[in-house]
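K.L.:
First the structure, then my questions, so here it is.
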Amino acid sequence: MSIRIFVTGGTFDKEYNELTGALAFKTTHLPEMLRLGRCRVEVSIDTLMMIDSLEMTASDRAAIVERCGSAAESRILITHGTDTMVETAKALAVENQAAGKTIVLTGAMIPYAFGSSDGLFNLGSALSFVQSLAPGVYIAMNGRCFEWDKVRKNRDTGIFEAI
């Protein structure tokens, strides 16, 4: 079973710019994260975009939906910023019903480059979930998995919770 991973940016891949103090994107850390985690799952990684999810537009979401729909794989993992992950999951849900694919979105609250990120744990959990769940759209964060329409990010705690 091969899993397609689509990278969209988000905190997973942010880096600290020592000159400006800003967080910015260079390239995805996913291959290194999979190597460090000793991942033995067959994956293909495609970088669709490298943006903060707060900057994601309807056309960006449409591009994600299109790529998921046209992917040969039936199991898809998407790395995504946490702020609008639920909105992208909602956009994917309609397409996914026809496609019969299992799609899991995950992200991180702390950039991988900081060394204390939750990204490695979230990535590993999401890879497990995408292999074992029935077709549908899900969000996997901090060891928990939620159906796309039964989750929200609690902006006060920074934790995803069931609704």
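The values are calculated or read from the model by the stated rules, or taken from the named source; none is laboratory data. From a predicted model like this one, the values you see are computed outputs, not experimental measurements. Every residue, glycine among them, receives a Cβ derived from its backbone with ideal geometry; neighbour counts consider all protein chains shown. For accessibility, only protein heavy atoms count, side chains too; no ligands or nucleic acids. Shrake-Rupley method; radii C 1.70, N 1.55, O 1.52, S 1.80 Å.
K.L.:
Looking at region 25-38, which of its residues are under 15 Å from N122 (Cβ atoms), open to solvent by 40 Å² or more (accessible area, probe 1.4 Å) and part of a loop (DSSP other than H, G, I, E, B)?
P.N.:
G37 - this is the single residue of region 25-38 that is under 15 Å from N122 (Cβ atoms), open to solvent by 40 Å² or more (accessible area, probe 1.4 Å) and part of a loop (DSSP other than H, G, I, E, B).
K.L.:
Looking at E32, E66, E18 in this structure, which one is among the acidic types (D, E) and either within 19 Å of K150 (Cβ to Cβ) or over 17 Å from the mean Cα position of the chain (by Cα) (or both)? Spell out how you get there, then give the answer.
P.N.:
On the way: E32 fails: either within 19 Å of K150 (Cβ to Cβ) or over 17 Å from the mean Cα position of the chain (by Cα) (or both); E66 fails: either within 19 Å of K150 (Cβ to Cβ) or over 17 Å from the mean Cα position of the chain (by Cα) (or both).
That would be E18, the only listed residue that is among the acidic types (D, E) and either within 19 Å of K150 (Cβ to Cβ) or over 17 Å from the mean Cα position of the chain (by Cα) (or both).
K.L.:
What about L54, is it over 24 Å from S128 (Cα atoms), surrounded by fewer than 16 Cβ atoms within 10 Å (Cβ to Cβ) and in contact with a Ser or Thr (Cβ under 7 Å, 6 or more places away or on another chain)?
P.N.:
Numbers: over 24 Å from S128 (Cα atoms): yes; surrounded by fewer than 16 Cβ atoms within 10 Å (Cβ to Cβ): yes; in contact with a Ser or Thr (Cβ under 7 Å, 6 or more places away or on another chain): yes.
So L54 passes the test.
K.L.:
Can you spot a residue in region 4-18 that is in a loop (DSSP other than H, G, I, E, B), farther than 22 Å from K153 by Cβ and modelled with pLDDT under 95?
P.N.:
Looking only at region 4-18, we keep the residues that are in a loop (DSSP other than H, G, I, E, B), and these are 10, 17-18.
From what's left, farther than 22 Å from K153 by Cβ: 17-18.
Filter again for modelled with pLDDT under 95, leaving 17-18.
Yes.
K.L.:
For region 68-87, give me each residue that is without any contact (Cβ under 8 Å) to a residue 60 or more places away in the chain, within 19 Å of I159 (Cβ to Cβ) and of a type outside the set (D, E, K, R).
P.N.:
Once the filter is applied, which keeps residues that are without any contact (Cβ under 8 Å) to a residue 60 or more places away in the chain, within 19 Å of I159 (Cβ to Cβ) and of a type outside the set (D, E, K, R), region 68-87 yields only T84.
K.L.:
Here is a check on your reading of the model: is V41 surrounded by 18 or more Cβ atoms within 10 Å (Cβ to Cβ) and either within 16 Å of L120 (Cα to Cα) or at pLDDT 95 or above (or both)? Working first, answer last.
P.N.:
On the way: surrounded by 18 or more Cβ atoms within 10 Å (Cβ to Cβ): no; either within 16 Å of L120 (Cα to Cα) or at pLDDT 95 or above (or both): yes.
In short, no.
K.L.:
Restricting attention to region 2-24, which residues are in contact (Cβ under 8 Å) with a residue 24 or more places away in the chain and surrounded by fewer than 16 Cβ atoms within 10 Å (Cβ to Cβ)? Can you show your working first?
P.N.:
Of all residues in region 2-24, those in contact (Cβ under 8 Å) with a residue 24 or more places away in the chain come to 2-16, 23.
S2, Y16, L23 - these are the residues of region 2-24 that are in contact (Cβ under 8 Å) with a residue 24 or more places away in the chain and surrounded by fewer than 16 Cβ atoms within 10 Å (Cβ to Cβ).
Per-residue answers, yes or no, for (1) among the small types (G, A, S); (2) farther than 20 Å from D60 by Cα; (3) modelled with pLDDT under 90:
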residue	(1), (2), (3)
E95	no, no, yes
Y112	no, yes, yes
G115	yes, yes, yes
L120	no, yes, yes
G124	yes, yes, no
S128	yes, yes, no
Q131	no, yes, no
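K.L.:
Next question. Name the residue that is least open to solvent (accessible area, probe 1.4 Å), counting only residues in region 135-159 that are within 19 Å of F12 (Cβ to Cβ) and among the basic types (K, R).
P.N.:
Across region 135-159, the extreme among qualifying residues is K153.
Condition check ((1) under 13 Å from the mean Cα position of the chain (by Cα); (2) surrounded by 19 or more Cβ atoms within 10 Å (Cβ to Cβ); (3) within 22 Å of M49 (Cβ to Cβ)) across all residues:
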{"position": "S74", "(1), (2), (3)": "no, no, no"}
{"position": "E87", "(1), (2), (3)": "yes, no, yes"}
{"position": "A93", "(1), (2), (3)": "no, no, yes"}
{"position": "K101", "(1), (2), (3)": "no, yes, yes"}
{"position": "L105", "(1), (2), (3)": "yes, yes, yes"}
{"position": "L133", "(1), (2), (3)": "no, no, no"}
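K.L.:
Can we say V65 is in contact (Cβ under 8 Å) with a residue 60 or more places away in the chain, touching a helix residue (DSSP H, G or I) at 6+ places or on another chain (Cβ under 7 Å) and of a type in the set (A, V, I, L, M)? Quick ask: steps written out before the conclusion?
P.N.:
Working: in contact (Cβ under 8 Å) with a residue 60 or more places away in the chain: no; touching a helix residue (DSSP H, G or I) at 6+ places or on another chain (Cβ under 7 Å): yes; of a type in the set (A, V, I, L, M): yes.
Judged against the criteria, V65 is not a match.
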